[in-house]
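The values are calculated or read from the model by the stated rules, or taken from the named source; none is laboratory data. Just so it is clear, the model here is predicted, and its values are computed rather than measured. Neighbour counts are summed over all protein chains in view; Cβ atoms, including those assigned to glycine, are modelled from backbone coordinates with ideal geometry.
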């Protein structure tokens, strides 16, 4: 019996295959890491032709993003934010994450990560991959290009920003700590942007 | 058949009862909250006399701490840290948490929280209780007493410190993000203390 069509699926069927590809992608990305995983391996694990994977998800990054339920391409978005320069960068980063997370479902990859954080499941491994291979390197590279920060220092600065964002996300969306759970985005940007700006270009002692 | 004695249990037996009381405490604290839970209710849930609960755990705070596997009394420790004044408080707080978390098993309540964070389990509810009823109020009260910060503002300042600490704890111990996973405590104190100090007494705009 064919599976019922779910809401939001593109017309044309194949929805079952799409889900199978995503499930295979999660297994393979978690086992192999983003770098070593290939569309061909994932297609093989899903028992479909690689062309079908490309049809649904474009490239490996698109597949990765879909497997993580990300509403946008974080590397592309963050790349554009960093490329606009170091001035006001802390503010743009805080505003970007709060805006994405505030979207319906925007926080779900983050919560999926937390579900797996204490164990060793696929969500955890995939999100580590995303942070370590995509998000942090993109930001660090942008910072190095913007003001000549050395790569190792740029990595530290970017990771420090990451720690504050992760903690803010947990408090606002997961634990629900007041007042940060209900403060408007503008107020949170005002409160936290100076911290990120210091992490990005202030003294590190 | 009697249960085998476990390592680290005080001589005198009763280990099984002690574990039963802790299990009952986790259920009752999660269901009722710290304030409404009583030693009597917990003793009833564990089918023991309240005197036995007091014998093992002293008072309700001691039982709560044991149920959360905390290595020390956070309210007492933080109370003492805040009482020493606002000067250098950011540094003392960062150093305190990193030192406790670096202890063997010191991070385990935090990881237990993460396990439950995305669901609605007892660890999550109990740690929310601890943050909301014990840790944040103790710190906020100390800050208000130290320099006359209004209670609502003191709460915001303390919660902001909490967001940075939670994010740092996740990056260092749970996700394992380099370089913060392996930097020495002294270096992390140097990097993060200025942020907490600003949250505690700097401008909030």
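Among the residues of segment A:173-195, those identified as in contact (Cβ under 8 Å) with a residue 24 or more places away in the chain and either under 29 Å from residue B:184 (Cα atoms) or at the interface with chain B (Cβ under 7 Å from one of its Cβ atoms) (or both) are A:174, A:192, A:193, A:194, A:195. All told, residue A:198 falls short of being under 17 Å from residue A:96 (Cβ atoms), at the interface with chain B (Cβ under 9 Å from one of its Cβ atoms) and out of contact with any strand residue (DSSP E or B) (no Cβ under 9 Å at 6 or more places or on another chain).
Suppose the filter is at pLDDT 90 or above and either within 16 Å of residue B:166 (Cα to Cα) or part of a loop (DSSP other than H, G, I, E, B) (or both); does residue B:136 pass it? Yes, satisfied.
Elements of the type helices (runs of 4 or more DSSP H) sitting completely within segment A:34-98 and holding at least 3 residues that are within 14 Å of the chain's Cα centre (by Cα): these cover A:60-67, A:74-83. Inside segment B:99-111, residues that are outside any helix (DSSP H, G or I) and touching a residue at least 12 places away in the same chain (Cβ under 8 Å) make up a count of 4. Only one entry in A:169, A:116 is at the interface with chain B (Cβ under 10 Å from one of its Cβ atoms) and either under 13 Å from the mean Cα position of the chain (by Cα) or at pLDDT 80 or above (or both), namely A:169.
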